[in-house]
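Working notes, beginning with the structure itself.
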Ligand code: SF4
């Protein structure tokens, strides 16, 4: 297999070793990942030393996306907060003042989400950790750095200042807006109550594609308790929006060998977006 520049950039950013194989041999991503696993001194969350962090982002040629369609409101779980009809400022205020579950007692602050309000890509994670609870931002620390590197490799950013183009922007939100104590797993009742906020965020963003990262995001969006490994690798649908299941970056930092599969998931998401654009261009 001959890697394209885009593929090489993505692999390197995700910490997978890219090597030039002889013409007769075919590089194997999983093998490369396993090889990296045996080199613990290589920090997974950082680009490899030879990568130039200031180098231009790889260019992804994307056709215009189809016009945004309203997302039909899903049926919220019993007991979910009611955020129907709220605009962005009212939704922010509702989250910031929410006391619908016991997590409001232990949080430092809520973690609303971040990114372009009309981003074409939406990333749904799980619950804030300690760093997120302190900063009020989702996906900070090493997992956030890995996520940002992965996004940059495919020409996307969570920072509105990087580009005004919503097609190259992501909006990042968690299923829970408050940190569970000691980073324990979210409880079903907490996920159910908080779900109304996430539903409204997705309605307002109206993304073209959703990446569900981790099992609790999958539980909320797909109503499935199946493991991520069983659900990834195909295109699901959330209220008509294509949804790709993939691993949470924090998990990837612990399981280096799964980075190759996460890379496959990003490629599937890109292919899905590009296919939708091509279809729209033909119609
Ligand atoms: S986790 Fe969600 S439902 Fe619970 S208090 Fe925080 S914002 Fe409200």
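A compact table of results
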quantity	calculated
Only listed residue being in contact with a helix residue (DSSP H, G or I) (Cβ under 7 Å, 6 or more places away or on another chain), buried (at least 23 other Cβ atoms within 10 Å of the Cβ) and farther than 14 Å from residue 207 by Cβ, chosen from 156, 103	103
Residue ID - farthest from the chain's Cα centre (by Cα), chosen from residues in region 85-100 that are assigned to a loop (DSSP other than H, G, I, E, B), more than 10 Å from the ligand (Cβ to nearest atom) and loosely packed, with under 12 Cβ neighbours inside 10 Å	85
Among the candidates 142, 193, 184, residue that is touching a residue at least 60 places away in the same chain (Cβ under 8 Å) and either within 16 Å of the ligand (Cβ to nearest atom) or surrounded by 23 or more Cβ atoms within 10 Å (Cβ to Cβ) (or both)	193
Filtered residues of region 171-206 (kept if assigned to a strand (DSSP E or B) and touching a helix residue (DSSP H, G or I) at 6+ places or on another chain (Cβ under 6 Å))	171, 173
From 217, 226, residue being part of a helix (DSSP H, G or I) and away from the ligand (no atom under 12 Å from the Cβ)	217
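To keep it simple, each residue is scored yes or no on (1) modelled with pLDDT of 95 or more; (2) within 16 Å of the ligand (Cβ to nearest atom).
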site: 121; (1), (2): yes, no
site: 150; (1), (2): no, no
site: 160; (1), (2): no, no
site: 168; (1), (2): no, no
site: 176; (1), (2): yes, yes
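The values are calculated or read from the model by the stated rules, or taken from the named source; none is laboratory data. Note that this is a predicted model, so its numbers are computed, not measured. Methodologically, a virtual Cβ is constructed for each residue, glycine included, from the backbone with ideal geometry; neighbour enumeration extends over all protein chains shown.
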